[in-house]
Amino acid sequence: MGLPAPPPLGASALPAGTYDGVCVLVTGAGTGLGKGIAEEFARLGASIVIASRKPEHLDAGRAAMDALGAPVETATCDIREPESIAAAFDAAEAAFGLPQVLVNNAAANFPVPAEDMSPNAWRTVVDITLNGTFFVAREFGRRHLAADTPGSVINIGASYAWTGGPGFAHSAAAKAGVKNMVESLAVEWGPYGIQVNGLVPGLIPHEDMTADIQENLSRADPEKDALQPAMRVGTRREFGWAATFLASPYAQFITGHTLVVDGANWQRRSMTNPTVVPIRDQMGKGPFTLD
Ligand code: NAP
């Protein structure tokens, strides 16, 4: 049977208009889960600012918000660059005022055995996923401290922050840093009215997944639902609902927490897990050679 299916798209546990007049900035909201999160805030009345690098992603995010009738602004932004982040916040402020909610969703990832990982691959993923997440949170915090206004930050994480992630050493290490950062910032900024939480998705397939990630997923059993204790994968709206709850007036006392929305999949461990297959074999790679 598994866990029950969620209510349909368009439903919400929060009162209509919960985010009326509230500006929500979501990094990487032109694709995948970021877009799903932005849509749920938009349904509840938020004005949305989408920050990412590629024009086609910004256009896709804008179209999704237009379809919901939500006010939207897009900002070309590389979260590795503090000046680029400041410009995105300037654009947000000009359009809607200082964002009251930040969803730090943008990240980079691709599977690669650690021994094959180039220094550049490591640096790129850590630079975007860990450094970029901090730089955006820092900009948000500084502007709110200067304005003496409250706010809410949600950093999107991954469950391999706790477990490690074979084939994803760079991203897992970066996400562990992101989770730890939530805990530091929540304590530092609580006195100034800024709530900081983490939010972790389980397997939530979507059409924007990169070719690398799709290929990685395709190596597992095609019946993905059966691989989950919930007997089903997650949906983007369930993840978006969790984000809208965490930043809402009903969750203000929840801070420094990282919430996992994955049907308990990451806890599915035992002394008799399936046979160990080295990551090189899983990825169809031959023996390692120094070249
Ligand atoms: P995705 O579709 O690949 O989206 C990543 C987004 O980040 C893109 O919109 C991309 O936009 C943006 N981005 C990447 N580098 C950037 C940079 N340097 N500056 C600004 N924006 C940048 O990924 P997703 O599956 O939706 O994942 C969203 C979040 O959930 C990530 O934090 C990911 O680690 C986490 N997650 C997802 C899953 C899952 O099952 N999907 C599981 C665990 C964790 P541009 O290319 O336009 O910059």
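Since every read-out is calculated from the coordinates, none of them should be taken as a lab result. Quick caveat: nothing in here was measured; it's all calculated off a predicted structure. No Cβ is skipped: glycine too gets one built from the backbone with ideal geometry, and neighbour counts run over all protein chains shown.
Taking the range 132-219, which GluC sites (Glu not before Pro) meet the DSSP loop condition and have no more than 12 other C-beta atoms within 10 Å? List each step's numbers first, then the result.
Numbers: sites: GLU139, GLU183, GLU188, GLU207, GLU215; in loops: GLU207.
Answer in residue order: GLU207.
Give the value in nm², to one decimal: projected area of the alpha carbon convex hull of the range 13-55, averaged over all directions. Mind showing how you got there, number by number?
Values: hull surface 11.7 nm².
So the mean shadow area of the Cα hull is 2.9 nm².
Run the simple label-point estimate for THR149 and LEU98 please: 7 Å along Cα→C-beta, distance reported in nm.
0.6
Give me VAL260, VAL196 ranked fewest to most by other Cβ atoms within 10 Å of their Cβ, as a rough exposure proxy. Write down the numbers at each step before the final one.
Numbers: VAL260 20, VAL196 27.
Lowest count first: VAL260, VAL196.
Quick check of the Kirkwood formula: for the chain, what is the inverse mean of 1/r over all pairs of different Cα atoms, in Å? Don't jump to the answer; show the numbers that get you there.
Values: mean 1/r = 0.0510 Å⁻¹.
For the chain, inverting the mean 1/r across all distinct Cα pairs yields 19.6 Å.
Students often forget the sequence filter, so: which aspartates and glutamates lie under 16 Å Cα-Cα from LYS35 once same-chain residues fewer than 8 apart are removed?
Answer for LYS35, where 16 Å is the Cα cut-off: GLU56, ASP59, ASP66, GLU73, GLU207, ASP208, GLU238, listed by chain and number.
So what are the ³J(HN,Hα) numbers for the range 214-224, from phi and the Karplus equation (6.51, -1.76, 1.60; θ = phi - 60°), rounded to whole Hz, Gly and Pro as x?
4, 5, 4, 5, 5, 6, 7, 3, x, 7, 5
Per DSSP H run of at least 4 residues, take -39500 (n - 2.57); add these up for the chain, divide by its residues and hand me the 222 nm value, nearest 500 deg cm²/dmol. Numbers along the way, then the final one.
Numbers: 10 runs with 111 residues, N = 291.
Calculated from helices alone, the mean residue ellipticity at 222 nm is -11500 deg cm²/dmol.
Under the rule of at least 5 residues apart or a separate chain, name every residue whose amide H is placed under 5 Å from the amide H of THR74.
ILE50
With each label point set 7 Å from Cα along the Cα-Cβ vector, what nm distance links ALA121 and MET231?
About 3.8 nm separates the two model spin labels.
Could you run the Karplus curve 6.51 cos²θ - 1.76 cosθ + 1.60 with θ = phi - 60° over the range 259-276 and give me ³J(HN,Hα) per residue in whole Hz, x for Gly and Pro?
Residue by residue, the range 259-276 yields 9, 9, 10, 9, x, 6, 5, 6, 8, 7, 10, 7, 6, 10, 5, x, 3, 6 Hz.
Taking the radius of gyration and the Kirkwood hydrodynamic radius from Cα positions alone, what is the Rg/Rh ratio for the range 151-191, to two decimal places?
Expressed as Rg/Rh, it is 1.07.
Compare LEU217, LEU203, LEU259 in a GNM of the chain, Cα atoms joined below 10 Å, and give the one with the largest fluctuation.
LEU217
Where a Cα-Cα gap under 12 Å defines reach, which aspartates and glutamates qualify for LYS175, not counting those fewer than 8 residues away within the same chain?
ASP127
Sorted by packing (mean other beta-carbon atoms within 10 Å per residue), highest first, where do 272-283, 161-172 land? Don't skip to the answer; put the middle values down first.
On the way: 272-283: 10.6, 161-172: 19.7.
With the highest mean Cβ count within 10 Å placed first, the list reads 161-172, 272-283.
Name the most mobile residue of VAL103, VAL26, VAL233, meaning the one with the largest mean-square fluctuation, in a Gaussian network model of the chain with Cα contacts below 10 Å.
Its mean-square fluctuation being the largest, the pick is VAL233.
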